[in-house]
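Asks: Before anything else, here's the structure in question.
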Amino acid sequence: MAWARTWLGLDDSPVPAIARRAVVTKATTAEQDQDEQRRRAKARQLWHSAPTGIAGTPVEAYLRGRGIDLREMGRQPGSLRFHHAVWCGEFSRPLPAMLAAICGPNGKMIAVHRTWLASAPDGRWTKADLRAPKKVLGSFAGGCIRLWRGASGKSLSMAEPGESVVLAEGIETGLSVALACPERRVLCGVSLSNLGRLILPDTITEITIAADNDTGNDTARKALDAACRQFIEQGRVVRVAMPETEGGDWNDVARQDNDREESNTRA
């Protein structure tokens, strides 16, 4: 009984360190859960406060400046929206931003990706000049941005048996792939480290990773290798598509192609 009273902290004796750690761990976990719930609620509130559709918005203009003309695709991703005023801590005031919904395996939104935008003097829209122009609100581990449904037009959960999917790290890269290969389903993993955490339906049997050419970055290479191993262990066929230019991505390739086409047209 004496030992129990000491263990529970019911007398004046010091509480054993292991008991203190247990109490702190439970409290910390509960606080983290509450904090995550608040972030997720804020993300959903932000998403629903933006109008649906990006036609005629600065988001469409920004993407067009990146060589991505969504009107050529016939329809626009429902996972993207424009918000005229999203709080930016680095700038200490709201800025216009492109929003992207990050969904979990069940299709529910778990976080929102923000790309702050700025209007250039010539009227073009670009990424805002910030140290971190892209940030995620909420925890997105295992989630992705569903950019393009491909030829089937079905949601990810309804993917047909044997279907393939293209995974990209960034939104612009994913949209460039979707524009070039509209028959393929395209998902954005948000970060390279998150690619291997994606939870995909069993019907997805083939994966193409549209990787950035970060051959000189050991951390990026290890993350890419880890993602490939993860999917292979799941019994899926994995291919990696990487641009030839070191440091480049598939959006860079798309913009270079557009520049060449414009030069030939002028010539």
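Asks: Under a 10 Å cutoff between Cα atoms, tell me which one of Pro182, Pro94, Pro121 has the largest fluctuation in the Gaussian network model of the chain.
Replies: Pro121
Asks: When the solvent-accessible surface of protein heavy atoms is calculated with a 1.4 angstrom probe, in what order do Asp212, Asp202, Asp33 fall, highest first?
Replies: From most accessible down to least: Asp202, Asp33, Asp212.
Asks: Amide H to amide H under 5 Å from Val86: which residues, 5+ apart in sequence or cross-chain, H placed 1.01 Å off N in plane?
Replies: Amide H neighbours of Val86: Leu95, Ala97.
Asks: Given a 1.4 Å probe and every protein chain left where it sits, what share in percent of the accessible area of the stretch 27-174 is carbon and sulfur?
Replies: About 50 percent, which is the carbon plus sulfur part of the accessible surface.
Asks: Right, something else. Give me the one-decimal nm value for the distance between modelled label points at Lys135 and Asp122, 7 Å along each residue's Cα-to-Cβ direction.
Replies: 3.0 nm
Asks: For the chain, set up a GNM with springs between Cα atoms under 10 Å and report which of Asp214, Asp122, Asp35 has the largest fluctuation.
Replies: Among Asp214, Asp122, Asp35, the largest GNM mean-square fluctuation belongs to Asp122.
Asks: While we're here: Just the accessible area for Ser49, please: 1.4 Å probe, Å², rounded to the nearest 10?
Replies: Near enough 70 Å² of accessible area.
Asks: Same structure, new question: So what's the back-of-envelope 222 nm ellipticity for the chain, counting only DSSP H runs of four-plus at -39500 (n - 2.57) apiece and dividing by all residues, rounded to 500?
Replies: Values: 7 runs with 94 residues, N = 267.
Dividing the helical sum by the residues of the chain leaves -11000 deg cm²/dmol.
Asks: Taking 7 Å along the Cα-to-C-beta vector as the label spot, tell me the Asp33-Cys181 distance in nanometres, rounded to one decimal.
Replies: 4.2 nm
Asks: Given H placed on each backbone N at 1.01 Å, which residues far from Gln76 in sequence or on other chains put an amide H within less than 5 Å of it?
Replies: Counting only residues 5 or more places away or on other chains, the set is empty.
Asks: Can you tell me which of Thr205, Thr126, Thr245 moves the most in a GNM of the chain? Springs connect C-alpha atoms under 10 Å apart.
Replies: Per the Cα network of the chain with a 10 Å cutoff, Thr245 tops the list.
Asks: Taking Cα pairs under 8 Å and at least six residues apart, what relative contact order does the stretch 86-245 come out at, in percent?
Replies: 18 percent
Asks: For the stretch 23-85 and the stretch 149-225, write down the distance between their C-alpha centroids in whole Å.
Replies: Centre-to-centre (Cα) distance: 19 Å.
Asks: Considering only DSSP beta bridges where both residues belong to the chain, give the percentage that are antiparallel (nearest 5).
Replies: Details: 25 of 40 bridges.
Beta bridges within the chain, antiparallel portion: roughly 60 percent.
Asks: May I ask you to give the solvent-accessible area per residue for the chain, in square angstrom, as obtained with a 1.4 angstrom probe?
Replies: Accessible surface, normalised per residue, equals 55 Å².
Asks: Further question: Provide the packing ranking of 185-194, 235-244, i.e. peptides ordered by the mean count of other C-beta atoms within 10 Å per residue, highest first. Each step should come with its number before you reach the end.
Replies: Values: 185-194: 22.7, 235-244: 13.2.
Descending packing order for the listed peptides: 185-194, 235-244.
Asks: Measure nothing but the geometry: give the 0 to 90° angle between the long axis through the Cα atoms of 218-233 and the longest principal axis through the Cα atoms of the chain, rounded to 10°.
Replies: Orientation of helix 218-233: about 80 degrees from the principal axis.
Asks: Now a separate question. Provide the gained length on full extension for the span Ser92 to Asn258, in nm with one decimal, where the gain is 0.36 nm per separating residue minus the Cα-Cα distance.
Replies: Details: separation 166, 0.36 × 166 = 59.76 nm, distance 3.63 nm.
Between Ser92 and Asn258, full extension yields an extra 56.1 nm.
The values are calculated or read from the model by the stated rules, or taken from the named source; none is laboratory data. All figures in this text were calculated on a predicted structure; none of them were measured in a lab. Every residue, glycine as well, gets a Cβ built from its backbone with ideal geometry; the counts of neighbours run over all protein chains shown. Heavy atoms of the whole protein, side chains included, go into the accessibility calculation; ligands, DNA and RNA do not. Shrake-Rupley method; radii C 1.70, N 1.55, O 1.52, S 1.80 Å.
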